[in-house]
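The values are calculated or read from the model by the stated rules, or taken from the named source; none is laboratory data. The structure displayed is predicted, hence computed values, not measured ones. In this analysis, Cβ positions are derived from the backbone assuming ideal geometry, glycine residues included, and neighbour counts consider all displayed protein chains.
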Amino acid sequence: MNFFRKLFTALRGTATEAGEAIIDTQAMRILEQEMRDAKKHLDEAKENLAKVIAEQMGVEREIKRLTKSIEEYEGYAIQALDKGDNKLAEEIAEKIADLENELNAQQSVLESYNSSISTLKQHIRETERNIKSMEREISVVKTTESVQKANEAAATKFSGSNSALHTASDSLERIKKKQQQKTDQMKAARELLQQESGGDLHAKLRDAGIVQDKVSSNSVLERIKAKRADKN
């Protein structure tokens, strides 16, 4: 019995770790979905706020209508009193009382709307700030994740004896060796050509001062300067 209890606990622990691993790998996707949900709820809140404001405007119009009616009937009551018709004045007063009671009720409704609208606007502003702040953090997290993936890929790619960097370095060394071999071959070929054409012997004779190079403009100019000096 104790064995099965431990086995069940171990299985629960494994399931929890697996669940956390899944959540970690899908964390960004989950977070982005939650942000979309938050924006959707915010849009719905704005739509509801617009409806409440529309209802508020309707109550304000009703208050204006009642206020105007009360002023109108008060004028009628004054006219009735001026004519000495007290009974009619009393009927008008009853009408005014009904209108004022309705006006008081509408004013209470308007106060409730004003309070609700103010609270809703505050909540919407706070939610918008929170969403923008979260979006900035998500952008930073995405950038950090991209950099970490790039570093991880670079570390994996360019580490070890079989890495791409190591392979590229080997290839570069082989290219350099081949280029040096070709340079040496070309130099050797030129030397052989000079030997076959007597160029090497001519160079030795020139160095010994036995033969001279072709006449150059510099040597001609120096010779003329020397003659001019002798004449003077």
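In table form, for the structure just shown:
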{"quantity": "Residue check, residue 20 within 30 Å of residue 138 (Cα to Cα), of a type in the set (D, E, K, R), at pLDDT below 90 and in a helix (DSSP H, G or I)", "calculated": "yes"}
{"quantity": "Complete set of residues in the range 100-129 that are out of contact with any Leu (no Cβ under 8 Å at 6 or more places or on another chain) and in contact (Cβ under 8 Å) with a residue 40 or more places away in the chain", "calculated": "107, 109, 110, 113, 114, 116, 123"}
{"quantity": "Filter result for residue 38 (assigned by TED's automatic domain parsing to the domain that holds residue 124 and either charged (D, E, K, R) or at pLDDT 90 or above (or both))", "calculated": "no"}
{"quantity": "Cβ-Cβ under 8 Å pairs, at least 6 apart or on other chains, the range 84-99 side touching a residue at least 24 places away in the same chain (Cβ under 8 Å), far side in a helix (DSSP H, G or I)", "calculated": "96/70; 96/73; 96/74; 96/77; 99/66; 99/69; 99/70; 99/73"}
{"quantity": "Single residue of 49, 42 found to be within 16 Å of residue 113 (Cβ to Cβ), touching a residue at least 60 places away in the same chain (Cβ under 8 Å) and part of a helix (DSSP H, G or I)", "calculated": "49"}
{"quantity": "Where residue 60 falls short, out of the listed (1) surrounded by fewer than 11 Cβ atoms within 10 Å (Cβ to Cβ); (2) of a type outside the set (Phe, Trp, Tyr); (3) more than 30 Å from residue 27 (Cα to Cα)", "calculated": "(1)"}
